[in-house]
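The values are calculated or read from the model by the stated rules, or taken from the named source; none is laboratory data. Being a predicted model, the structure only gives us computed values, none of them experimental. Please note that ligands, DNA and RNA were not included when accessible areas were found on the heavy atoms of the full protein model with its side chains. Shrake-Rupley method; radii C 1.70, N 1.55, O 1.52, S 1.80 Å.
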Amino acid sequence: MLKITGTFLDEISWDIPHHNWGVREWERDFRSMKDIGIDTVIMIRCGLRQYLAYPSAVLTERENCLPPFCDLPDMFLTLAEKYSMKFYFGTYDFGLPPDRRDFQWELDVNKRVVEEAWRRYGHRRAFRGWYLSSEISRKSGSVAEAYATLGNFCKQISGGLPVLISPFIQGVKANADQGIAAGSIPPEQHQKEWDEIFACIQGAVDHIAFQDGHVDIRELRGYLEINMALARKYRIDCWTNCETFDRDMPIRFLPIKWEKMWHKLRIAESVGIEKAITFEFSHFMSPNSAYLQAHGLYDRYREYIGLTSQNPTIQEDDR
């Protein structure tokens, strides 16, 4: 049985609402994560455009970012240490469309961010790796080379701590939620382009967790088989990013229907994937989420892994 053992932490959000939690609320959520066996938390980004997760002198100077209200990495590390979890630090996200990106500038800035983050947090016991926040689906531009350069830099700075990326598959749902033509590519093209990307990032990236929500669920197995074969070829750990939000709804975004999540976990397990992470527990799967549907998803998942439901049993008189 494949279980969710990692989650992104997304409080510097791109397209989902903030919970506006403080330490008390976050600790309650970490306890809920721990209860179902989550052992890895990944801060998805340390900043997005002008907003920051920590008071970064580098990003304040170079990107004119605003000072943050609190130091989120420090809080997350403290909670990760308390609940025996590994913490991965996510790099800065410029939030720019591909035609406006300057990859050399992004690399230069993120190298300084990585140095700064390691000085601030590298001594912390829970600091166990890096997450490169850029998401790609195809071999385009210089993103693969940027992955390799920045991944190697992270490892050099931190004495070889592992590097994670979470790309997506250019399937029928890719970009469809934004009203953009999906432009899906067949499995053969996916294999060709990702063979070249894997060859480029080998040695610089340790874990790759493809997002599983951009393809039709009936096509997912074929893509995951390709991903696993390439990962084995280039000796990179292949995880799955089991998305717990629903891309099939007209509203961006709601917690996923449990049956869809169940099918995705079963498919990933069937091709040999051994670790599943999710985007993203706190909003879409947590009993503490503002989305009531997430509470039900948490209960169904607990039942799936053999734990009792959080909700009391319905009595006959309540029906």
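Expressed as a whole percent, the accessible area of the chain that falls on carbon and sulfur atoms is 48 (1.4 Å probe). Centroid-to-centroid, using Cα positions, the stretch 1-65 and the stretch 187-205 are 28 Å apart. The relative contact order of the chain, computed from alpha carbon pairs under 8 Å that lie at least 6 residues apart in sequence, is 17 percent. In this structure, the pairs whose alpha-carbon distance is over 22 Å, taken from LYS3/LYS260; LYS34/LYS173; LYS3/LYS233, are LYS34/LYS173; LYS3/LYS233.
For the chain, the solvent-accessible area works out to 45 Å² per residue, with a probe of 1.4 Å and every protein chain left in place. For the set GLU188, GLU61, GLU280, GLU303, solvent exposure ranked by accessible area (probe 1.4 Å, protein chains only) runs largest to smallest as GLU61, GLU188, GLU303, GLU280. Distance from the alpha carbon centroid of the stretch 210-237 to that of the stretch 110-140 works out to 24 angstrom. Considering only LEU96, LEU150, LEU297, the mean-square fluctuation computed in a Gaussian network model of the chain, springs between alpha carbons under 10 angstrom, is largest for LEU96. Computed over the chain, the Cα gyration tensor eigenvalues convert (square root of 5λ each) into semi-axes of 29, 25, 18 Å, ordered from largest to smallest.
One decimal place: the segment ASP108-MET1 gains 34.3 nm when fully extended, by the rule 0.36 nm per residue minus the C-alpha distance.
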